[in-house]
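The values are calculated or read from the model by the stated rules, or taken from the named source; none is laboratory data. Nothing here was measured: the structure is a model prediction, and the numbers come from that model. Positions of Cβ are generated from backbone atoms using ideal geometry, with glycine treated the same way; all protein chains shown enter the neighbour counts. In case anyone asks, the SASA skips ligands and DNA or RNA and just uses the protein heavy atoms, side chains included. Shrake-Rupley method; radii C 1.70, N 1.55, O 1.52, S 1.80 Å.
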Amino acid sequence: MHHSLAQVQLVPATREHIDALLQIEQLSFVTNHISRRSFRRFIDHSIGDFNVALAGDKVVGYAIVLYRRATELARLYSLAVHPDWRRQGVGKRLLEQAECDANARHCLLMRIEVKTDNTAGIQFYHQAGYADLEIRPEFYADESDALVLQKLLPRFTAKELSMPQQRLVPYLTQTTDFTCGPASLLMALAHFDIQSADPHHEELEIWREATTIFMTSGHGGCGPHGLARAAHKRGLGAEVYVSETGPLLLDSVRSAAKKTVMERIQHADIAALKRAQVPIHVGEYNLPQLLEDLQQGKLVLALISTYVFDESKAPHWVLICAADEHYIYINDPDQDTLPWQSPAERQYLPIPIATFRRAFGYGKRKQRAVVVLSPPK
């Protein structure tokens, strides 16, 4: 039976909708039914966002979104449409509203569990842009498995760029475990029209120039002074902001001999920057400064800890491309940081400002470092 979607409106659920909701629940799911008591609790206590789809005064579908406190995660707890109204666009409209509600609460991700044998449901979410995250065995009351799907909610649009003529910063994945800094710098170089004939070779060349040397029982990646030196060598304007004077990233190095070598190489980088009159600022690099630099068309290489993303406590370089009042948008060169994402979702990846503040810096002393990059003069 075909119905007109134009006659459907979405409204907050009330107690008078519960009988119809229970009927839809029984017609839609074999197990794990939401009870009358639970529906009433969701409504009375305003738990999450609970919308129903009405055709006239008839309830034809519903969606419930729950939120996890102190996270940016929204969970689509349940979405169902009356069988007579399926394949009419009601489910899509309920899902879009659910995502809109979660986005308004500044959630980064929407997550949903679907029975693995519910092929129609899985296809519905795939078409809406959801990616498979994991299988949860025996998730439902009948011991059937659940497929967990997830979607990145905020989307960066070109109109949010700080300058009208500015282009999106191209995306590049690092090719080794230790070249996040060089890969991030290569993205900036490409954005500022300094192209490399062989990016894979250039990635390792930059690493050789900017590395802090040790790869076992030590950092092994690139330091801020070395990256600034490599950027300056290739024609970019560069400024360094560090939280303390002198070499960084030494705290995790137990060997005194290795620490001495790392100090020597970083002191050499610092001396070279001073000779080239590349500014080195010691102190805080704050959000207002970041916004000002981005507004001027600059890009920012930032050192973060991956602990808030994957609990690995690894130092990691990312390229900050844009920011607004809620999010900092990064190009993340590491294809493993958030393994469910596609490369397209790593370009201008939105990170809530509060989350980025927790990630910005590395080590027990929260050593902070950025390299502000500007186009050639």
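Of note:
- For the stretch 92-120, a tally of residues being part of a helix (DSSP H, G or I), open to solvent by 10 Å² or more (accessible area, probe 1.4 Å) and closer than 30 Å to Ile351 by Cβ returns 9.
- Residue check for Tyr62: among the aromatic types (Phe, Trp, Tyr), in contact with a Cys (Cβ under 8 Å, 6 or more places away or on another chain) and either modelled with pLDDT of 90 or more or within 29 Å of Phe356 (Cα to Cα) (or both): no
- Residue count for the stretch 275-302, restricted to those that are in contact (Cβ under 8 Å) with a residue 12 or more places away in the chain and assigned to a loop (DSSP other than H, G, I, E, B): 9.
- Residue match in the stretch 237-248 (condition: at pLDDT 95 or above, surrounded by fewer than 19 Cβ atoms within 10 Å (Cβ to Cβ) and over 25 Å from the mean Cα position of the chain (by Cα)): yes
- Residue within the stretch 31-49 that is in contact with a Pro (Cβ under 6 Å, 6 or more places away or on another chain) and in a loop (DSSP other than H, G, I, E, B) present: no
- Scope the stretch 261-299; condition under 12 Å from Ala228 (Cβ atoms) and either hydroxyl-bearing (Ser, Thr, Tyr) or in contact with a helix residue (DSSP H, G or I) (Cβ under 8 Å, 6 or more places away or on another chain) (or both); matching residues: Gln266, Asp269, Ile270, Ala272, Leu273, Ala276, Val278, Ile280
- Val65 more than 28 Å from the chain's Cα centre (by Cα) and open to solvent by less than 30 Å² (accessible area, probe 1.4 Å): no
- Test for Gly221: is it surrounded by fewer than 20 Cβ atoms within 10 Å (Cβ to Cβ), touching a residue at least 24 places away in the same chain (Cβ under 8 Å) and touching a helix residue (DSSP H, G or I) at 6+ places or on another chain (Cβ under 9 Å): no
- Of everything in the stretch 121-146 that is assigned to a strand (DSSP E or B) and open to solvent by less than 30 Å² (accessible area, probe 1.4 Å), the residue that is farthest from Leu79 (Cα to Cα) is Ala131.
- Leading residue by the ranking (modelled with the highest pLDDT) among those in the stretch 310-366 that are outside any loop (DSSP other than H, G, I, E, B), within 18 Å of Thr176 (Cα to Cα) and in contact with a strand residue (DSSP E or B) (Cβ under 7 Å, 6 or more places away or on another chain): Leu319
- Hits in the stretch 129-149 (condition: in contact (Cβ under 8 Å) with a residue 24 or more places away in the chain and of a type in the set (A, V, I, L, M, F, W, C)): Ala131, Leu133, Phe139, Ala141, Ala146, Leu147, Val148, Leu149
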